[in-house]
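A.B. asks: I'd like to ask you about the structure that follows.
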Amino acid sequence: MQKTTTYLLFVGEQSGKAEEAINLYTSLFTESEVKHVEYFKAGEPAGEEGTVKQAIFTLAGQEYRAMDGGAGHQFSFTPAVSIFVTCESEEEIDMLYQRLLEGGSALMPLGDYGFSRKFGWLNDRYGVSWQLNLEV
């Protein structure tokens, strides 16, 4: 059993986009799937009807959870916490960087930074931060 799980809360401008993000992420990694999605019903507190109340999905076999937070939280994602991905090939790191960067912003463009011969750091269109590293 996995003891810790990353939990993504989509709030503010990103509220209502959890399912879209999950579908993108699971399409990019092998051994990935959406395991469960529960939606808010009309009148339920803390969420808008039809948005994600609770979702469980896997990326490369690692379990994640997510939800849309419609409760007016005054915070969002930050690059201080990111998903670190070890890539096995140039093709994989290039594809992931390109797809995740669409509509997002580069924090460190793909390059050789001394600690890695190919590394990139970005925020995707949902504000989630990703560090991509080419395995040596």
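Every read-out reported here was derived from the displayed coordinates using simple, explicitly stated rules and does not represent laboratory data. Treat the numbers as computed from the prediction; the structure is a model and nothing was measured. Methodologically, a virtual Cβ is constructed for each residue, glycine included, from the backbone with ideal geometry; neighbour enumeration extends over all protein chains shown.
A.B. asks: Counting only other residues whose beta carbon sits under 15 Å from that of R65, what net charge do I get with K and R as +1, D and E as -1?
C.D. replies: -2
A.B. asks: Net charge near G120: determine it from the other residues with C-beta under 13 Å of the C-beta of G120, scoring Lys and Arg +1 and Asp and Glu -1.
C.D. replies: -2
A.B. asks: Report the extension gain between I56 and T78 in nm, rounded to one decimal, defined as 0.36 nm multiplied by the number of residues separating them, less their alpha carbon distance.
C.D. replies: 5.8 nm
A.B. asks: Answer with a single label: of [x] 55; [y] 48; [z] 59, which was calculated as percent of Cα pairs over 20 Å apart from the structure in view?
C.D. replies: [y]
A.B. asks: Let me spell out the model: positive unit charges on the Cβ of Lys and Arg, negative unit charges on the Cβ of Asp and Glu, origin at the Cα centre of the chain. What dipole size does that give, in debye rounded to 20?
C.D. replies: It works out to roughly 380 debye.
A.B. asks: Amide H to amide H under 5 Å from A46: which residues, 5+ apart in sequence or cross-chain, H placed 1.01 Å off N in plane?
C.D. replies: none
A.B. asks: Where does the Debye-calculated log10 I(q)/I(0) of region 33-92 sit at q = 0.17 Å⁻¹, using only Cα point scatterers of equal weight, no solvent?
C.D. replies: Here the Debye-derived log intensity ratios amount to -0.76.
A.B. asks: Could you give the length gained by full extension between M95 and A46, i.e. 0.36 nm per residue of separation minus their alpha carbon distance, to one decimal place?
C.D. replies: Length difference between fully extended and current span is 14.0 nm.
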